[in-house]
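Take a look at the structure below.
Where a number appears in this text, it was derived from the coordinates with a stated rule and is not lab data. What you are looking at is a predicted structure, and each value in this text was computed from that prediction instead of being measured. Cβ coordinates were reconstructed from backbone atoms using ideal geometry, including for glycine residues, and neighbour counts include every protein chain displayed.
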Amino acid sequence: MSDRLPPHSTDAEAGVIGCMLLDPSACIPAVVEALGEAEAFYDLRHQELFHAMRSMIDAGHPVDPITLPQSLKEAE
């Protein structure tokens with residue numbers, strides 16, 4: 001067993017999450033197609049944000065800086 005971390009960039013992940021939040025209708029489907037599941041993100045916080053945004057879009061709810069935190073609170 002190796003103690004090495006898998007390749008990852010939390011800055012790049014944050015950039016992807018930011019794009020998804022800035023233009024959800026275009027970016028969320030593109031990111032879902034490219035990456036698939038939340039586990040593509042190394043940072044658990046990014047996984048949670050990705051999952052929440054994907055669930056909101058799938059349910060037909062708008063994703064923006066107001067609705068995303070509310071959705072995360074409701075999921076607790």
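Quick rundown of the values:
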{"item": "Stretchable slack from Glu76 to Asp43, in nm (0.36 nm times residue separation minus alpha-carbon distance)", "result": "10.0 nm"}
{"item": "Per-pair calculated FRET efficiency, R0 = 25 Å: His51 and Ala12 via Cβ, rounded to 0.05", "result": "0.85"}
{"item": "Assigned charges on the beta-carbon of Lys, Arg, Asp, Glu; the chain dipole about Cα centre (debye)", "result": "40"}
{"item": "Distance between modelled label sites at Ala34 and Thr67, nm, 7 Å Cα→Cβ extension", "result": "2.3"}
{"item": "Trypsin sites (Lys or Arg not before Pro) lying in DSSP loop within the chain, provided at most 14 other Cβ fall within 10 Å", "result": "Arg4"}
{"item": "Helical mean residue ellipticity (222 nm; -39500 (n - 2.57) per DSSP H run of 4+; nearest 500) of the chain", "result": "-20000 deg cm²/dmol"}
{"item": "Rel. contact order, % - alpha carbon contacts under 8 angstrom, at least six apart, the range 10-75", "result": "31"}
{"item": "Sites matching chymotrypsin sites (Phe, Trp or Tyr not before Pro) across the chain that sit in DSSP coil, with at most 16 neighbouring C-beta atoms within 10 Å", "result": "Tyr42"}
{"item": "Correct choice for mean projected area of the Cα convex hull in nm² that was computed from the model, options [x] 5.8; [y] 4.6; [z] 5.3", "result": "[x]"}
